[in-house]
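Beneath this line is the structure, given in structure tokens, with notes to follow.
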Amino acid sequence: MNLRDLGYLVALAEHKHFGHAAEACFVSQPTLSTQIKKLEDELGVALVERTPRMVLLTEVGREIVHRARSVLHEIDQIRALARGTSDPESGAVRLGLFPTLAPYLLPHVVTPIRERFPRLELLLVEEKSELLLHQLREGKLDAAILALPLHDDQLHAELLFEEPFLLAVPLGHALAQRKTLKLADLADENLLLLADGHCMRDQALDVCHMAGAGEKSGFRATSLETLRQMVSANVGITLLPVLSIKPPVAQSDNIQLVRFRDHAPTRRIAMVWRRSSALTDFLQKLVAVFRQLPRELLNDHVVEAVAAPVKSLVKRKQKSR
């Protein structure tokens, strides 16, 4: 038994197909199949059931795969420890981010990270939060940027920043005339929300529950950009995190952004990694770069200036009629 064969078995468990698993392992299908058969012969048990359409693991095969993942994860940690001891800033770091944050945060941090760590290979993965957590626990990611709270004693979290939410409404909406809002002003309103699986949906639902608001029925978006365009089209109102309305994000017509006062809703963003990670010291340095975001990026007081050109355009159109 060797680590390579355990890796083949884990790949087969993930892909449930000899050809796809072989591609993932960069070997030929006969090679992978032969090594799996040798592993079965050595252990004296059948690990897989070979069916015409797919590969199924036997009960003992599933247990061995579970343990093999742990073994391979520990080997990765040994390699990471060696890399971290020698020169962590010249290695590769696999960092996960969730979709309602990644496209708005990365333009502001990638350049500073490259300047601070010019030899670092930063491998970015954008997935929903639950999948990022799964990959983090399995060692497929070194760290992830996620929204708090998290409930996992095996993970360490470092708060990066707190991001306010803004209310996005069409210019003709009654709330568009307000300079600021209280949560109570959302009572009886129905908000456009993201689909299940997005952590921001849960955050927005929490705000709705506190405010006495509800969800607009018959619609669930898969991205913040869809929400933004639906507001622009007078379909409804929604919550947007402040980074999603800052340059270089293009602004949409017919949208007024209104900030909250008195217990404004926010989301707390943290960098998270395994407590056992050999990269802890380096990840703390990476955290410091993320914490150097310009204050104005997280300042919701600038939204009036963002919305002003749209207001002026509407007024000019009205005068011309």
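Quick look at the numbers
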item	result
Conditions (1) in contact with a Gly (Cβ under 8 Å, 6 or more places away or on another chain); (2) more than 17 Å from F98 (Cα to Cα); (3) among the hydrophobic types (A, V, I, L, M, F, W, C); number of the one not met by L136	(2)
Given (1) within 14 Å of A144 (Cα to Cα); (2) open to solvent by 10 Å² or more (accessible area, probe 1.4 Å), index of the condition V249 fails	(1)
Qualifying position, being in contact with a strand residue (DSSP E or B) (Cβ under 9 Å, 6 or more places away or on another chain) and not charged (D, E, K, R), among A184, A144	A144
Residue list for segment 115-147, restricted to those being outside any strand (DSSP E or B), open to solvent by 40 Å² or more (accessible area, probe 1.4 Å) and under 25 Å from P294 (Cα atoms)	E115, R116, P118, R119
Set L239, L243: member being in contact with a strand residue (DSSP E or B) (Cβ under 8 Å, 6 or more places away or on another chain), at pLDDT 90 or above and assigned to a helix (DSSP H, G or I)	L243
Some residue of segment 44-58 being open to solvent by 60 Å² or more (accessible area, probe 1.4 Å), in a helix (DSSP H, G or I) and modelled with pLDDT under 95	no
Qualifying residue in segment 162-171 (condition: under 23 Å from S244 (Cβ atoms) and part of a loop (DSSP other than H, G, I, E, B))	yes
Filter result for P99 (open to solvent by 30 Å² or more (accessible area, probe 1.4 Å) and assigned to a loop (DSSP other than H, G, I, E, B))	yes
Odd one out for H151 among (1) without any contact (Cβ under 8 Å) to a residue 12 or more places away in the chain; (2) assigned to a helix (DSSP H, G or I); (3) under 24 Å from the mean Cα position of the chain (by Cα)	(2)
Selection within segment 249-291 - in a loop (DSSP other than H, G, I, E, B) and under 30 Å from P118 (Cα atoms)	V249, A250, R275, S276, S277, A278, L279, R291
Which listed residue is assigned by the TED database to the domain that holds E225 and not small (G, A, S), from R178, R137, R94, R119	R178
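The values are calculated or read from the model by the stated rules, or taken from the named source; none is laboratory data. Here the structure is a predicted model, which is why all the values come from computation and not from measurement. Here the Cβ is made from the backbone with ideal geometry for all residues, glycine too, and neighbour counts use every protein chain on show. Accessible surface is based on the protein model in full, side chains and every heavy atom, while ligands, DNA and RNA are left aside. Shrake-Rupley method; radii C 1.70, N 1.55, O 1.52, S 1.80 Å.
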